[in-house]
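Below you'll find the structure, written out as structure tokens, and then a few comments.
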Amino acid sequence: MRIMKLLTYQFILTLLAMLLFGATSAQEGQQNKISEYESMIQKYQQANNTSEVANYQGKLGYLYWEAGNTAKAVEYFQKAMQNNETLGNENAIRTLASNIGLIYYEKDEYDKALTYFRKSLPINQKLKKRYDLAADYINMGYALQGLKRYDEAIDNIQKALPIFQELNDVKSMRSCYTSLSDNYEKLGRHDKSKEYFDLATSLSKQMQSAEMKKLENRTQEAEAISKAKEQELKDTKGTLEEVIQVSTEKQTEIDLLSKARELDSLKHSAREQELVIRENQKKTVILSLALGLIVIVIISSLIFFQLNQKKKANKLLEQRNQQIVEQKKELEEQHEIVSNQKKNITDSIYYAQRIQQAILPTQAEMEKAFPEHFVLYKPRDIVSGDFYWLTEKDGIIIIAAADCTGHGVPGAFMSMLGIAYLNEIVSNIGINKHIRSLSAGDILNQLREYFIQSLHQTGSFDDTRDGMEISLCIIDLEGRNIQFAGAHNPVYIARNKELIKLEADKMPIGISPNYIPFNSKDF
């Protein structure tokens with residue numbers, strides 16, 4: 001135990017030294033960067049290169065911001081802004097103004113923060129930076145809330161909310177709902193406060209599904225640690241029992257040797273007594289008594305030592321057992337917490353399953369359109385990234401089967417987007433033109449545009465590749481005609497004991513290098 005403590009202390013000291021050394025190294029590296037950027041500013045000032053001077057002034061401002069020196073950060077951001085105003089670089093001006101506003105907001109200087117957020121706002125409106133425009137509105141809302149101008153704060157946040165809804169930014173939407181709830185509470189409008197608080201809570205629950213996998217991993221790790229500790233304690237208990245057994249055997253050997261020596265001594269004394277029985281009778285009696293007393297003392301000492309060793313061993317075993325009980329209790333509490341969290345998340349997913357099944361075509365709708373049919377629909381992870389869809393209008397049946405990217409909750413979100421967009425496309429037909437004028441390829445082209453806009457896909461390297469593969473048929477019962485269009489997914493037709501395959505276009509519903517209109521095929 002002493003060696004383990006020494007090793008633990010040595011490990012702690014080593015770790016502290018590493019942390020201190022790492023922190024010192026990081027500070028030195030940051031100071032070197034600051035010196036480097038100051039040198040570059042001087043160099044480009046001498047060369048009259050205003051663009052690079054502004055660039056390094058902005059970088060230096062970020063370094064001071066990270067180091068916690070907000071005064072220096074504001075100073076260099078303002079210098080960079082002045083140079084960019086000279087250059088007419090509006091994109092840099094809006095970014096620098098926003099940064100200065102955030103610094104003043106962190107320092108609770110809300111008037112100054114509001115001034116710089118307002119400086120960024122018209123530039124983002126001009127450049128049509130939708131996300132940054134929404135960020136300016138919500139930042140202004142926070143600053144106005146800090147100034148206790150709650151009505152103005154609500155107006156600005158209400159301007160940011162529809163933009164985040166359009167961009168499908170769930171986290172920012174939740175921030176807007178939370179801030180609106182706080183401002184209405186300050187104004188004493190508790191009904192509106194509760195309305196937005198409930199909306200924020202609903203979005204929070206949707207975001208919890210991403211944590212399910214992490215909680216499952218933590219459960220497995222906790223169970224593995226529990227098993228390892230139980231095995232370690234079993235091994236420790238076995239070792240203690242072996243030590244006690246060996247100690248008992250050694251003690252028995254000592255007792256036997258002592259008794260053998262006592263017998264030899266008594267025999268020798270008897271022989272001496274026989275030789276001098278009359279002359280040394282008194283001495284023999286005294287010697288016998290002395291020897292008997294010594295034997296008693298030795299045996300008593302050995303018994304006391306053995307009892308003391310057993311007492312220490314029992315105390316050590318009791319301490320270990322107590323540790324086992326405490327560790328087991330702690331593990332059981334952790335397991336209960338994780339199990340409860342897992343159950344809550346699983347219940348939420350099963351509720352989402354009921355919602356997803358509710359938006360799929362009903363059995364009655366399917367039987368009305370196709371009296372003889374079957375549907376094979378087996379979600380892998382409770383909720384599904386696959387879906388089937390059906391609509392009937394003016395004697396035309398439109399049916400589709402789709403496979404979205406992802407499984408489980410992410411795939412289910414994509415499938416609900418797909419069903420919503422298909423319903424919207426067909427609903428718009430009745431407003432703009434007759435359904436018989438629309439082709440299967442037109443529906444997929446519109447569906448692809450909806451997905452690209454909703455997922456903000458631009459075709460860049462780090463862009464998302466979310467989308468779906470789909471087969472879609474328009475069935476004209478009166479004209480006895482089928483029109484087909486597909487994104488990767490073909491259609492098979494069984495007719496006269498012959499299997500006919502209608503090939504799909506080799507591109508998905510979503511952004512792709514091969515971006516051409518979808519073809520419609522009649523059969």
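Nothing in this text is a laboratory measurement; each read-out follows from the coordinates by a stated rule. In this text, all values refer to a predicted model and were calculated from it rather than measured experimentally. A quick note on method: Cβ atoms are made from the backbone with ideal geometry, for glycine too, and the neighbour counts reach across all protein chains shown.
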_Just want the answer: with Cβ charges of +1 for Lys and Arg and -1 for Asp and Glu, which residue in A143, Y131, Q158 is farthest toward the dipole's positive end in the stretch 115-165?_
Y131
*Looking at the square roots a ≥ b ≥ c of the eigenvalues of the Cα gyration tensor of the stretch 372-453, which shape do they give, rounded for a/c under 1.5, prolate if a/b is larger than b/c, or oblate?*
oblate
*Which distance in nm do the two modelled labels at N481 and I299 give, with both placed 7 Å along the Cα-to-Cβ direction?*
11.9 nm
*Among 197-205, 289-297, 81-89, how do they line up from the highest to the lowest mean number of other beta-carbon atoms within 10 Å?*
81-89, 197-205, 289-297
*Just add up the charged neighbours of L102: K/R +1, D/E -1, any other residue whose Cβ is under 15 Å from the Cβ of L102.*
-2
*With each label point set 7 Å from Cα along the Cα-Cβ vector, what nm distance links I286 and S348?*
9.5 nm
*Measure out, as a whole number of angstrom, how far apart the alpha-carbon centroids of the stretch 319-374 and the stretch 104-167 sit.*
40 Å
*All other residues with a Cβ under 12 Å from the Cβ of L199 taken together, and with Lys, Arg as +1 and Asp, Glu as -1, what is their net charge?*
+2
*Can you tell me how much longer the chain between Q327 and I500 gets when fully stretched, taken as 0.36 nm per residue apart minus their C-alpha distance, in nm with one decimal?*
55.7 nm
*Kindly flag which residue pairs out of K368/K393; K205/K343; K79/K119; K43/K79; K368/K497; K107/K159 have an alpha-carbon separation exceeding 18 Å in this structure.*
K368/K497; K107/K159
*Looking at H488, G385, I396, which one has the Cα that reaches farthest to the positive end of the dipole of the stretch 383-503 (charges on Cβ: Lys, Arg +1; Asp, Glu -1)?*
I396
*Under unit Cβ charges (Lys, Arg +1; Asp, Glu -1), what dipole magnitude, rounded to 20 debye, does the stretch 23-86 have relative to its Cα centre?*
40 debye
*Taking the Cβ of S39 as the centre, find all other residues whose Cβ is under 14 Å away and add up their charges (Lys, Arg: +1; Asp, Glu: -1).*
0
*Can you find, among I345, Q334, A364, the residue farthest towards the positive end of the dipole of the stretch 283-404? Put +1 on the C-beta of Lys and Arg, -1 on that of Asp and Glu.*
Q334
*Could you order peptides 325-335, 466-476 by the average number of other Cβ atoms within 10 Å of their residues, highest first?*
466-476, 325-335
